[in-house]
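Here's the structure we're looking at; comments come further down.
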Amino acid sequence: MKSQRALEIGTGLFVLLGFAALVFLTTQLPNSGLKMGGVDGYRVIARFDNVGDLKVGSAVSMAGVTIGRVESIGFDPSDFRAVVALRIDRKYDKIPDDSDASIQTQGLLGGKYVGISAGGSEVSLKEGGRIEFTQSAIVLESLVNKFFANFASKGSDSTEGAK
């Protein structure tokens, strides 16, 4: 009887730990909005011609280290560009103000993130600062379309030369 009771308690604790792990992992998803110990830092703005499928909550990294998160993505109708607000962790407060930001892909078909490359300025980015040098997302579909358009034009050139 005692071993049956111990087995039931052990099973209950195992299930409870499983649910706790599930809740924790759910809070760690980039787009969940349920961050535990969210990024407390300063806000920086970057403008891009195309953000691809960058999402709020995506990582901001520098040299492969996550230093912040994408806080918001909007559209500026005055210059027809996407405005991306980045929340950078306070401990990374020495990022040069002439650094550049690019939208990169995690792996071949992975999600997008913002990568920052350090500039050489002595002045650091501050709250409300702006990253002037940006490179937009490379959209795979447009690359494929350009490749096939180029391939098709080469094919038509070779058939015209044969006439």
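Does the stretch 93-101 contain at least one residue that is among the aliphatic types (A, V, I, L, M), at pLDDT below 95, outside any strand (DSSP E or B) and surrounded by fewer than 16 Cβ atoms within 10 Å (Cβ to Cβ)? Talk me through it step by step, then tell me what you get.
So in the stretch 93-101, the residues among the aliphatic types (A, V, I, L, M) come out as 95, 101.
Filter once more, so that each one left must be at pLDDT below 95: 95, 101.
Still in the running and outside any strand (DSSP E or B): 95.
Restricting the remaining residues to those that are surrounded by fewer than 16 Cβ atoms within 10 Å (Cβ to Cβ) gives none.
No, the stretch 93-101 contains no residue that is among the aliphatic types (A, V, I, L, M), at pLDDT below 95, outside any strand (DSSP E or B) and surrounded by fewer than 16 Cβ atoms within 10 Å (Cβ to Cβ).
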Reported set for the stretch 98-123 where residues are under 18 Å from S72 (Cβ atoms) and β-branched (V, I, T) is I103, V114, I116
Checked I138, I67 against criteria (within 16 Å of the chain's Cα centre (by Cα), assigned to a strand (DSSP E or B) and in contact (Cβ under 8 Å) with a residue 12 or more places away in the chain); the one match is I67
Among (1) more than 25 Å from T26 (Cβ to Cβ); (2) within 12 Å of the chain's Cα centre (by Cα), E132 falls short only on (2)
By residue number, the members of the stretch 52-67 that are surrounded by 18 or more Cβ atoms within 10 Å (Cβ to Cβ) and farther than 11 Å from Y113 by Cα are I67
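Each row is one residue, and each column tells you yes or no for (1) within 21 Å of T105 (Cβ to Cβ); (2) part of a strand (DSSP E or B); (3) at pLDDT 90 or above.
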{"residue": "E8", "(1), (2), (3)": "no, no, no"}
{"residue": "A20", "(1), (2), (3)": "no, no, no"}
{"residue": "T26", "(1), (2), (3)": "no, no, no"}
{"residue": "G38", "(1), (2), (3)": "no, no, no"}
{"residue": "R43", "(1), (2), (3)": "no, yes, yes"}
{"residue": "V56", "(1), (2), (3)": "yes, no, yes"}
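The values are calculated or read from the model by the stated rules, or taken from the named source; none is laboratory data. Here the structure is a predicted model, which means the values were calculated and not measured. Using ideal geometry, Cβ is built from the backbone for each residue, glycine included, and neighbour counts are taken over all protein chains shown.
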